[in-house]
1. Counting Lys +1, Arg +1, Asp -1, Glu -1, what net charge surrounds M182 among other residues with beta carbon under 15 Å of its beta carbon?
2. Which one, A107, Q247, L210, projects farthest toward the positive side of the charge dipole computed for the chain from Cβ point charges (K/R +1, D/E -1)?
3. About its Cα centre, how strong a charge dipole does the chain have in debye, to the nearest 20, once Lys and Arg get +1 and Asp and Glu get -1 at the Cβ?
4. Among V93, I313, F443, whose Cα lies farthest out toward the positive end of the dipole of the chain, if unit charges sit on the beta carbon of Lys, Arg (+1) and Asp, Glu (-1)?
5. Within segment 364-451, list the GluC sites (Glu not before Pro) lying in a DSSP loop whose Cβ has at most 12 other Cβ atoms in a 10 Å radius.
6. Give the distance, in whole Å, between the Cα centre of segment 395-429 and the Cα centre of segment 221-245.
7. Order of I25, I199 from fewest to most other C-beta atoms within 10 Å?
8. Under the rule of -39500 (n - 2.57) per DSSP H run of 4 or more residues, summed and divided by the residues of the chain, what mean residue ellipticity at 222 nm is obtained, to the nearest 500 deg cm²/dmol?
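Derivation of every value follows stated rules applied to the coordinates shown; laboratory data play no part. What you are looking at is a predicted structure, and each value in this text was computed from that prediction instead of being measured. Note: ideal-geometry Cβ built from the backbone for every residue, glycine included; neighbour counts use all protein chains shown.
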Amino acid sequence: MTRSLFGGLYLLLFSVAGMLYGQDILTPEERQWLADQPVIRFAPAPNYPPVEFFNENNEYQGITADFIQIIDQQFDLGLKLEIVQFPDWTTVVAEGRARRVDMWGAAEKTAERSEYMQFTRPYIRLPAVIIVRSEFVGEGIEALEGKKVVGIQNYASYEHLQEKYPQLDTLAVPDIETGLRMVSYGAADAIVASNAAAIYYIEKNGLTNLKVVGESGFEWSLRFAVRDDWAPLLSIMQKGLDSITAQQKRDIYRYWINLDASNNRSSTKDYLFIAALVGLVAILLVLFSWALRKRARLKMQRLTQRIEEQKKIEKELKKLATTDALTGTYNRRAILEMAQIDYQKCLDEGLPFSVLMIDIDNFKQVNDQYGHEIGDRVIRAVVNVCRDILSAKNIGHIGRFGGEEFVILLPMIDQEEAYLVAEQLRECVEKESIQCAENALHFSTISVGLESLKHAETFDELLHNADLAMYQAKNAGRNRVAIWHESISG
Ligand SMILES: Nc1nc2c(ncn2[C@@H]2O[C@H](COP(=O)(O)OP(=O)(O)OP(=O)(O)O)[C@@H](O)[C@H]2O)c(=O)[nH]1
């Protein structure tokens, strides 16, 4: 449809150009000869696309058809062509020999044909290529030895093949389409045919298992041929051909050979395939990067989770390492470490610092009387009382020093205030009742030793003094607070 429209416009343009040009390329005698001919019987090759062929509506088409139309219309020849359609080229040749056909459109000049036809100079040159099935291994005509090679009956290319390569097992077929099918289906191994025609039929029949493995060495030089007793017609056709411009020829060749519909379809298919391939690759890349991102995200999540768990474990381990299991307060190591820091800070900044050493009185009796478990409850109760008071005042830290012995650090608390704190602790513990048996309540007491920073004593010295003071409290009758002074050590 598009091609017809293009062809129509194209020919119309050249007709107008010819008329404007206004010069007659024919002699009066040639014009007269044309006028005298009632008809010129013209027999194209019926299946020789894109050179010449009949389409599905039996319309004559192809390169040669366009050449004829241009020659006829551009120079207003009034060629009275009667286009005759024969089933194959063999018949076309036979009819020419019998003079029932006056002109051929695209024929190779051979000695035999020259006995009854005259030829113009060639206007189409087409190489004959060797076409095989995709799985064929080898290249060039030499690779065909021992293979079944088909050619088109009465085609010069076939005659060339027989003459030049007698060692080949050749077989003639009526047309290219038949030959290509035979090769494609395995009935023959190779076909020698025009590349342009082969492409046309390969596309048309979807024979995708075929490939070209080289040139045959033969090239068609296609010419118009007229019966040898019609010299004026040969001259007319040659003049017509000679008057076609190089640009017109290029346009026709490009249209039928490079830009023909089948090639376009092929390109479109290629582009679609490439586009699909690019699309597929793009989708795969997106999926791949999505999977990578997801994997990275999961990895990051797991890593964060692991770090969190690790931190939690470390925190728990640290707590375990610094906590007394029975009372939940600081253990000896933790309270001593904390003491060093608090003490140093107060010493450096000139702040007061006090330390209390606390021991539960007569605790052995509790254990002995009520059992170890009740003893534990008593220890916990005393610690809780002390801890509640410190936390209410928002001062100090308590740590278990060993057994039923505790240390309380009181940073920024001087001796006077520390004494009041120690007294409060003692009084509260004394009032705290602990149920030891069904109807027995126990009231514990504590003895407290107090020492405060005065000069530049070390913390160990302070602690030692507080301990001495605590023993002094014990010695003085228990349930009391004793402040360290020189005489204790003495
Ligand atoms: N239930 C229990 N008893 C403990 C624990 N640690 C130490 N004890 C006991 O505490 C008792 C301390 O006894 P002593 O050192 O004689 O002192 P005390 O009986 O409190 O007498 P004074 O300190 O002189 O008032 C011992 O019987 C230890 O076995 C503990 O964690 N739980």
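1. Spelling it out: positives minus negatives among the neighbours equals 0.
2. Going by the Cα projections, it comes out as A107.
3. The dipole of the chain has a size of about 740 debye.
4. Going by the charge dipole, the pick is V93.
5. Within segment 364-451, the qualifying GluC sites (Glu not before Pro) (loop, at most 12 other Cβ atoms within 10 Å) are E438.
6. 131
7. I25, I199
8. Calculated mean residue ellipticity at 222 nm is -17000 deg cm²/dmol.
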